[in-house]
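Asks: So that we are looking at the same thing, I have put the structure below in structure tokens.
The values are calculated or read from the model by the stated rules, or taken from the named source; none is laboratory data. Just so it is clear, the model here is predicted, and its values are computed rather than measured. For neighbour counting, all protein chains shown are included, and Cβ atoms are generated from backbone atoms with ideal geometry for every residue, glycine included. In case anyone asks, the SASA skips ligands and DNA or RNA and just uses the protein heavy atoms, side chains included. Shrake-Rupley method; radii C 1.70, N 1.55, O 1.52, S 1.80 Å.
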Amino acid sequence: MSEALKRVFQQAKEKKRPVFVTFITSGYPDPEETVDILLGLEEGGADIIEFGIPFTDPLADGPVIQEANNEALKHNIDIDQSLSFISEARARGLKAPVLFMGYYNPMLMYGEEKLIENCKKNGVNGFIVVDLPPEESKYLRDLCTQNGLSYVPLIAPSTTEIRIQQLSKISDSFIYVVSRLGTTGFRAEVDKELPDLIARIRKYTDIPLAVGFGVSTREHFKIIASHAEGVVIGSKIVHVLKTAEKGKRAEKVKEYASEVCGLSSGLRDEVDNTYAKVDQNIRNNCVNIDKMASNKSVPYIISPRFGEFGGQYVPEALFDCIMELEKAFVKAKEDPDFWKEYQSYYDYMGRESKLQYADRLTADVRKLTDDTRGARIWLKREDLNHTGSHKINNAIGQVLLAKRIGKKRIIAETGAGQHGVATATVCAKFGLECVIFMGSDDVKRQALNVFRMRLLGATVKSVDSGSRTLKDAINEAMRDWVTNVRNTHYVVGSAIGPHPFPVIVREFQSVIGKEAREQMLKQAGKLPDLVIACVGGGSNAIGTFAPFLDDKDVKMVGVEAGGK
């Protein structure tokens, strides 16, 4: 079925015109009209249709497609429903190749083998998975190859030339070129650096290129077509659907598509893409993930996983940035001068924090349990640190890393506000620009911390999307990072996100457990029988537990909130 994609590019080349690639979100705006919209796109000139699978956290997408995802989810649109749309559309005559486009989480939860089997059965031709880089995708790519489906890689302006070579080798139909840094959304003009990006890619491959992000007008279409074999339009089409009257959406999207590609004016074949190249002898040269990992140009210096968990599931625009971060972190970790500098701020941070014997709490517990030999309880007083929590440990460490890399703009997410206050405090200390993302509900609940962050010079951005809490603040921070990756470092505050962030957070927060271990030996004369830590985002727990992992007689218990 990847052959259908190759034929589309070959036929367009013979007619000396670009391939028109369109995007819609499955089930948006109304499931009842989705199949009609698919057919309307094809009638309007769409050669390939990207069919977006709704997801709660579309971090690489702008407001238009975010809203489409949220609305589709309200209709309970999932992979099975999306497959049924394609099946019905095929039965009604849809011939254009269809690519499932979206994020890896829903696909992983659905089951990759089941996904491939059902996609092949229902007429889906392949996948564009925004946050599944080749290093994480070998199993899915192998399944695609075995079943004749296509895995379409993405290349962004921030992608290095070494990585461009590698991505080119795993393409079996075409490459999706992200024309600009940032999230999806239609723009006023085409990025002026696009010709340079295309030229960089062309040095290594003749595989067809389809360019998207920001394309919305006929003029944009013609400019893109003069440089690449394909033109991708998504957000503008979704906007057309949003503003169209119910019952007339398929007709409206047909009108827009035919106008933008030139079909309605009879000018479609007059676009000059003579210089665009296509190689119809494309073979699926999927690079073995082990070979990619061992390639000195794309190494994982340290393991990206904690057992079955972890990995690097990020948009292509961020991949080289986080590899740069990993290299800087490993170099800093092995540099005594870095730790000397880090520890020079211990007085500022309030380290080492006290280990306090909780005599009254111990007595009270023994009284309740009627056990005079019950546990002695000790408290590691991270609340006495500067800014009132453990968050300062990680904030200082990551800002020092950012300075080493040369990033002068710092962003962070926060929920209750502790990480935001700590990050704002450290940025004020070092004179760095600071932007804090916070869900709008949290902004109201934590007004005092918001006041403190602003007092420290930080910009606090209230996030109104989704649940308007921490999860959505993280998504918005990631979108900002995708847009401003060249000058910005994201100080992740929890044991979350792509590698190497969980490892970095563990390293800087492990000062808690290291101190506690030494203090217990000194003050109690032994290691603790039990270490208890609260678990929210995990930074406190991972930092407390890590130094005790090799102590077989020490049990560890994480306590996580069980309700709202």
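Asks: Can you confirm whether the range 507-527 contains a residue that is in a loop (DSSP other than H, G, I, E, B) and in contact (Cβ under 8 Å) with a residue 12 or more places away in the chain? Can you show your working first?
Replies: Within the range 507-527, the subset in a loop (DSSP other than H, G, I, E, B) is 524-527.
If we keep only those that are in contact (Cβ under 8 Å) with a residue 12 or more places away in the chain as well, we get 524, 527.
Checked against the condition, which is being in a loop (DSSP other than H, G, I, E, B) and in contact (Cβ under 8 Å) with a residue 12 or more places away in the chain, the range 507-527 yields at least one hit.
Asks: Collect the residues in the range 528-564 that are open to solvent by 20 Å² or more (accessible area, probe 1.4 Å) and among the β-branched types (V, I, T), keeping them in residue-number order.
Replies: I532, V535, I542, V557, V559
Asks: Just need a number here: residues in the range 9-32 that are open to solvent by 20 Å² or more (accessible area, probe 1.4 Å) and part of a helix (DSSP H, G or I).
Replies: Counting residues in the range 9-32 that are open to solvent by 20 Å² or more (accessible area, probe 1.4 Å) and part of a helix (DSSP H, G or I) gives 6.
Asks: Tally up the residues in the range 315-342 that are within 20 Å of N394 (Cβ to Cβ) and either open to solvent by less than 40 Å² (accessible area, probe 1.4 Å) or in a loop (DSSP other than H, G, I, E, B) (or both), please.
Replies: Qualifying residue count, the range 315-342: 13.
Asks: Can you name every residue in the range 111-140 that is at pLDDT below 95 and within 14 Å of S173 (Cα to Cα)?
Replies: none
Asks: Under the condition of being open to solvent by 20 Å² or more (accessible area, probe 1.4 Å) and touching a residue at least 12 places away in the same chain (Cβ under 8 Å), which residue from the range 360-370 is nearest to the chain's Cα centre (by Cα)?
Replies: Going residue by residue through the range 360-370, those that are open to solvent by 20 Å² or more (accessible area, probe 1.4 Å) are 360-361, 363-370.
Restricting the remaining residues to those that are touching a residue at least 12 places away in the same chain (Cβ under 8 Å) gives 361, 365.
Details: L361: 44, V365: 46 Å.
Checked the range 360-370; the qualifying residue nearest to the chain's Cα centre (by Cα) is L361.
Asks: Additional query: Determine the pairs where a residue that is touching a residue at least 12 places away in the same chain (Cβ under 8 Å) and surrounded by fewer than 24 Cβ atoms within 10 Å (Cβ to Cβ), located within the range 390-404, has a partner that is among the acidic types (D, E) and in a helix (DSSP H, G or I) with Cβ atoms under 7 Å apart, the partner being 6 or more residues away or on another chain.
Replies: L400/E341
Asks: Tell me yes or no: at least one residue of the range 254-276 is more than 28 Å from E32 (Cα to Cα), modelled with pLDDT under 75 and among the β-branched types (V, I, T). Show your work before the answer.
Replies: Initial filter on the range 254-276 (more than 28 Å from E32 (Cα to Cα)): 262, 265-276.
Okay, now just the ones that are also modelled with pLDDT under 75, so 265-276.
Among the residues that remain, those that are also among the β-branched types (V, I, T) are: 271, 274.
Within the range 254-276 (the criterion being more than 28 Å from E32 (Cα to Cα), modelled with pLDDT under 75 and among the β-branched types (V, I, T)), the answer is yes, since at least one residue qualifies.
Asks: Find the residue count for the range 529-564, including only residues that are over 13 Å from I512 (Cβ atoms) and part of a loop (DSSP other than H, G, I, E, B).
Replies: 13
Asks: Six or more apart or on different chains, Cβ atoms under 6 Å: show the pairs whose first residue is in the range 217-244 and open to solvent by 10 Å² or more (accessible area, probe 1.4 Å) and of a type in the set (G, A, S) and whose second is modelled with pLDDT of 95 or more and not in a helix (DSSP H, G or I).
Replies: Hits for this filter: G234/F23.
Asks: Ok, one more. Just one of the numbered conditions (1) over 19 Å from the mean Cα position of the chain (by Cα); (2) not in a helix (DSSP H, G or I) is not true of R180; which one?
Replies: Exception for R180: condition (1).
Residues checked against (1) over 22 Å from the mean Cα position of the chain (by Cα); (2) in a helix (DSSP H, G or I); (3) closer than 25 Å to F319 by Cβ:
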position	(1), (2), (3)
T425	yes, yes, no
K429	yes, yes, no
D441	yes, yes, no
R452	yes, yes, no
S467	no, no, no
I474	no, yes, yes
D480	no, yes, yes
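Asks: If you don't mind, another one. Filter the range 185-216 for residues that are open to solvent by 20 Å² or more (accessible area, probe 1.4 Å), part of a loop (DSSP other than H, G, I, E, B) and not hydrophobic (A, V, I, L, M, F, W, C) and give the result.
Replies: Pass one, the range 185-216, residues open to solvent by 20 Å² or more (accessible area, probe 1.4 Å): 186-193, 195-196, 199-200, 202-204, 206, 213.
This time we only want the ones that are part of a loop (DSSP other than H, G, I, E, B), so: 186-193, 203-204, 206, 213.
Result: R187, E189, D191, K192, E193, K203, Y204, D206.
Asks: If you don't mind, another one. Which condition number does V35 fail, the rest of (1) within 29 Å of the chain's Cα centre (by Cα); (2) closer than 16 Å to S82 by Cβ being met?
Replies: (1)
Asks: Return yes or no: is R479 open to solvent by less than 20 Å² (accessible area, probe 1.4 Å), closer than 30 Å to K74 by Cα and not polar (S, T, N, Q)? Steps first, answer last, please.
Replies: Values: open to solvent by less than 20 Å² (accessible area, probe 1.4 Å): yes; closer than 30 Å to K74 by Cα: yes; not polar (S, T, N, Q): yes.
Yes, satisfied.
Asks: Would a scan of the range 29-40 turn up a residue that is small (G, A, S) and more than 17 Å from K242 (Cα to Cα)? Spell out the reasoning first.
Replies: Applying the first criterion (small (G, A, S)) to the range 29-40 yields 40.
Next cut, more than 17 Å from K242 (Cα to Cα) only: none.
So far as the range 29-40 goes, no, none of its residues is small (G, A, S) and more than 17 Å from K242 (Cα to Cα).
Asks: Consider K461 against the criteria (1) of a type outside the set (D, E); (2) at pLDDT 95 or above; (3) surrounded by fewer than 22 Cβ atoms within 10 Å (Cβ to Cβ); (4) in a loop (DSSP other than H, G, I, E, B): it satisfies all of them except one. Which criterion is unmet?
Replies: Every condition holds for K461 apart from (4).
Asks: Here's something else I'd like to know. Any residue in the range 376-388 that is more than 28 Å from the chain's Cα centre (by Cα), farther than 30 Å from L59 by Cβ and modelled with pLDDT under 95?
Replies: yes
Asks: Among the residues of the range 91-113, which ones are in a helix (DSSP H, G or I) and over 21 Å from N69 (Cβ atoms)? Lay out the reasoning, then the answer.
Replies: Here is the first cut: in the range 91-113, the residues in a helix (DSSP H, G or I) are 91, 104-110, 112-113.
Once the filter is applied, which keeps residues that are in a helix (DSSP H, G or I) and over 21 Å from N69 (Cβ atoms), the range 91-113 yields A91, E112, E113.
Asks: Under 8 Å between Cβ atoms, which residue pairs at least 6 apart in sequence (or on different chains) link something in the range 455-477 that is under 13 Å from G537 (Cβ atoms) with a partner that is assigned to a helix (DSSP H, G or I)?
Replies: These pairs meet every condition: T469/D441; T469/D442; L470/D442; A473/D442.
Asks: When the residues of the range 118-133 are filtered to those that are buried (at least 20 other Cβ atoms within 10 Å of the Cβ), out of contact with any Leu (no Cβ under 7 Å at 6 or more places or on another chain) and not aliphatic (A, V, I, L, M), which remaining residue is nearest to M107 (Cα to Cα)?
Replies: D131
Asks: Moving on to the next point. Please indicate, with yes or no, whether at least one residue in the range 352-365 is farther than 21 Å from A541 by Cα and not in a helix (DSSP H, G or I).
Replies: Our first condition is that a residue be farther than 21 Å from A541 by Cα; within the range 352-365, this holds for 359-365.
Keeping just the survivors that are not in a helix (DSSP H, G or I) gives none.
The answer is no; no qualifying residue exists.
Asks: Quick one: R373 ticks every box in (1) outside any loop (DSSP other than H, G, I, E, B); (2) basic (K, R); (3) without any contact (Cβ under 8 Å) to a residue 60 or more places away in the chain bar one, so which box is it?
Replies: Among (1) outside any loop (DSSP other than H, G, I, E, B); (2) basic (K, R); (3) without any contact (Cβ under 8 Å) to a residue 60 or more places away in the chain, the lone unmet condition for R373 is (1).
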